Amino acid sequence: MRLIERYLFGQLLWPTLLATAALAAVGLLSQSLGQLDIIIEQRQSAWIYLQIIILAMPQLANLIIPIAVLVAAFVALNKLQGDQELVVCYAGGMSRWRVISPAVKLAVLATLTCLVINLWVQPAAYREYRKLIFQAKTDLAAMLVVEGQFTDPAPRLTVYGQTVDSNGAIHNLFIHQMTEEGQATTYTAKEGQVLFKNGAPLLLMRHGSTQEFSERGVLNYLTFDEYALDLKPYLNSNDTIRFKASDRYLHELFYPDLSLDYEKKNRKRMLAEGNSRLASPLYALAFMAMALAAVVGAGFNRMGYAKRIALIGAAAALVRIIGFAVQAACEDTVAFNVLQYSIPIGAMIWGFDQVFRPVESRVGWQAWIPFMRMPRAPRGPQLVGAAA
């Protein structure tokens, strides 16, 4: 790029990065609120909670980056046009394409970034996200005790702990254990703590007693200074991780293993997700084209472009909402997948058409849509004077 084009690119790049950071912060906040149950109910550490929030972010990039491009383009182009910098570019002999080429290059860069995230980053991140969620929900050690409450963390196991201190020590512990044969054993202890030995959880109890009835109906009562209860039998080994459509790579979405029930039942949903991964990055180009149509396509206007920006911003939001609706419809009807590409491409064609087509040559369907009947300043300079 030449010096002036690098300047225009920089004027667009920094607002895009700032808008992306702001929207990512909002998305991070929404994710953090939605995952609070990991700490409250599953009693996981803050580090696990932070990992889950960060791993969920790549999926939001699909929505955040195109919106950031649109917002930044409105801000930067409106400033450049209002300060008459674009007018100076035209006066210096730059063509309309050369003036908008930095914006188009930025949109292409955003599109490629979204595509890389959709095809590789999101599946990899979401697989790790799914594994952490699975570990949190099946973590018997973390869910074993709720202070002051009787809990059933596993079948045939009832646990009560009066308090749990910051070191994980459980005070005034009560455990009622049932075997598959119906034999009951009760443990009480002044103190207990969940430990791991060779990766398997066990509950180490101190200064307590155990009571159980023998086969003859005699109560056996024993005291102990230290006793380890193996928790491994209570882990549900039948639970497995099932990757959803959002967790799969592109080849797994388009070519699933139809011998498996889940893939066979969700074949249409996986096709819709795969086409969405390819089509959604196009919204960055479409939104940039619409932003260019709002400002550059209007020519210079001393009164500003607030009305055009508001109208086309609303139109961009409507286009994206329609895209979401079409993606949902594709889960039932495979033929609708072509619309996932048609919507952003159509918006892109309209935007560039507004930039390059002379206003006097617009006819047909454009005349029926109010926000498309937008006056533009003449493309060439006009000389105003009195005839001699």
Nearest-10 value in Å² for the accessible area of residue 311, using the 1.4 Å probe: 70
Members of 79/105; 131/265; 190/232; 105/268; 79/307; 131/197 lying beyond 25 Å, as alpha-carbon distances in this model show: 105/268
Descending accessible area (1.4 Å probe), largest on the left, turns 257, 152, 165 into 152, 257, 165
Tell me the net charge near residue 13. Cut-off is 11 Å between Cβ atoms, residue 13 excluded, with +1 for each Lys or Arg and -1 for each Asp or Glu. +2
Selection from 344, 234, 306 lying farthest towards where the dipole of the range 211-357 points positive, charges on Cβ: 306
Just to make sure I understand: if all protein chains stay in place, what is the order of 181, 147, 331 by accessible area at 1.4 Å, largest first? 181, 147, 331
Farthest towards the positive end of the dipole of the range 155-289, among 245, 285, 194 and with Cβ unit charges of +1 on Lys and Arg and -1 on Asp and Glu, lies the Cα of 285
Nearest-20 debye value, the range 144-275 charge dipole, Cβ charges on Lys, Arg, Asp, Glu: 560
Counting only protein heavy atoms and leaving out ligands, DNA and RNA, the solvent-accessible surface of residue 7 at a 1.4 Å probe, in Å² to the nearest 10, equals 90
Portion, in percent, of the accessible area of the range 159-238 that falls on carbon or sulfur, probe 1.4 Å: 49
To the nearest 20 debye, what charge dipole does the range 72-157 have about its Cα centre, counting +1 at the Cβ of each Lys and Arg and -1 at the Cβ of each Asp and Glu? 380
Take 13, 173 and sort them by solvent-accessible surface of the protein heavy atoms, 1.4 Å probe, largest at the top. 13, 173
For the range 118-126, just list the computed ³J(HN,Hα) in residue order, Karplus coefficients 6.51, -1.76 and 1.60, θ = phi - 60°, integers in Hz, with x standing in for Gly and Pro. 5, 7, 10, 5, 4, x, 5, 5, 6
Give me the dipole magnitude in Debye, nearest 20, for the range 1-120 about the Cα centre, with unit charges on the beta carbon: positive for Lys and Arg, negative for Asp and Glu. 420
Of the heavy-atom accessible surface of the range 55-152 (probe 1.4 angstrom), what whole percent is carbon and sulfur? 65
Probe 1.4 Å, all protein chains in place: accessible area of residue 57 in Å², nearest 10? 30
Suppose R0 equals 22 Å. What FRET efficiency, 1/(1 + (r/R0)^6) with r the Cβ-Cβ distance, do residue 50 and residue 134 give to the nearest 0.05? 0.80
Measure off 7 Å from each Cα along the Cα-to-Cβ vector at residue 204 and residue 264, then give the distance between these two points in nanometres to one decimal. 5.0
Can you find, among 53, 30, 18, the residue farthest towards the positive end of the dipole of the range 13-102? Put +1 on the C-beta of Lys and Arg, -1 on that of Asp and Glu. 18
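The values are calculated or read from the model by the stated rules, or taken from the named source; none is laboratory data. Because the structure is predicted, anything quoted here is derived from the model rather than measured. Positions of Cβ are backbone-derived with ideal geometry, glycine not excepted, and every protein chain shown enters the neighbour counts. Only protein heavy atoms, including side chains, enter the accessible area calculation; ligands, DNA and RNA are left aside. Shrake-Rupley method; radii C 1.70, N 1.55, O 1.52, S 1.80 Å.
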